[in-house]
Amino acid sequence: MAHNQDGPCIELERSLPSEVAVISSFVDKLTLLLKKCGCVPEGERDVEIALREALANAIIHGNHEDRRKHVHVTCRCEPDELSISVKDEGKGFDINNVPVPTAPENIGSVHGRGIYLMKALMDEVRFEEGGVVVRMRKSVGQTTAKNARKNPPE
């Protein structure tokens, strides 16, 4: 944890093996840390779901569950925003060739909803380095304000 003039800043870097089984434990621990540090309000599940999707995509589609490869996660929490990047060791992909999951021909597909969910739940989602890196950002202030409107104090 570091401090800047606006308040505390948390930065975490972690390398995970390309095993689907590690996702839940890692996300649960990181989410708990973020909530305790005030980076994510209680009851906020958007970041958790988006991170699970990004990790699953990196492990399954990026690294093809190759145990010799890793997924690298960087998480940074500043007073006004949370940013997370997930990088795999795969060949990448073209974001423009990803089918739209809400199109009638794709409604029955079992794949293709992860990117859609990440974009719906986070304030910003960018794919970089040919698709091997996904950067997600969530404004902490807007999240808190949005939850306050949904759940006004009694």
**Asked** Within region 22-79, which residues are of a type in the set (Asp, Glu) and over 26 Å from residue 129 (Cβ atoms)?
**Response** 28, 42, 44
**Asked** Out of all the residues in region 97-116, which are touching a Pro at 6+ places or on another chain (Cβ under 9 Å) and exposed (fewer than 13 other Cβ atoms within 10 Å of the Cβ)?
**Response** 105, 107, 109, 111
**Request:** Determine whether region 89-105 contains at least one residue that is at pLDDT 95 or above, within 24 Å of residue 15 (Cβ to Cβ) and under 12 Å from the mean Cα position of the chain (by Cα).
**Result:** no
**Message:** I need every pair where a residue in region 52-72 that is under 13 Å from residue 84 (Cβ atoms) has its Cβ under 6 Å from the Cβ of a residue that is modelled with pLDDT of 95 or more and acidic (Asp, Glu), sequence separation at least 6 or different chains.
**Reply:** 58/88; 71/88
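Each row is one residue, and each column tells you yes or no for (1) part of a loop (DSSP other than H, G, I, E, B); (2) within 18 Å of residue 124 (Cα to Cα).
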position: 22; (1), (2): no, no
position: 26; (1), (2): no, no
position: 66; (1), (2): yes, no
position: 79; (1), (2): yes, yes
position: 85; (1), (2): no, yes
position: 96; (1), (2): no, yes
**Request:** Can you confirm whether region 52-60 contains a residue that is open to solvent by 60 Å² or more (accessible area, probe 1.4 Å), at pLDDT 95 or above and not in a strand (DSSP E or B)?
**Result:** yes
**Prompt:** Got at least one residue in region 30-45 being open to solvent by 40 Å² or more (accessible area, probe 1.4 Å), of a type in the set (Lys, Arg), modelled with pLDDT under 95 and out of contact with any Ser or Thr (no Cβ under 9 Å at 6 or more places or on another chain)?
**Reply:** yes
**Asked** Can you tell me which residues in region 1-28 are exposed (fewer than 15 other Cβ atoms within 10 Å of the Cβ), modelled with pLDDT of 95 or more and of a type outside the set (A, V, I, L, M)?
**Response** 13, 14, 15, 19, 24, 25, 28
**Request:** Go through (1) in a strand (DSSP E or B); (2) under 23 Å from residue 41 (Cα atoms) one by one and return the number of the condition residue 127 breaks.
**Result:** (2)
**Message:** If I go through region 63-108 residue by residue, how many of them are of a type outside the set (A, V, I, L, M, F, W, C) and over 21 Å from residue 31 (Cα atoms)?
**Reply:** 21
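The values are calculated or read from the model by the stated rules, or taken from the named source; none is laboratory data. What you are looking at is a predicted structure, and each value in this text was computed from that prediction instead of being measured. Note: ideal-geometry Cβ built from the backbone for every residue, glycine included; neighbour counts use all protein chains shown. Heavy atoms of the whole protein, side chains included, go into the accessibility calculation; ligands, DNA and RNA do not. Shrake-Rupley method; radii C 1.70, N 1.55, O 1.52, S 1.80 Å.
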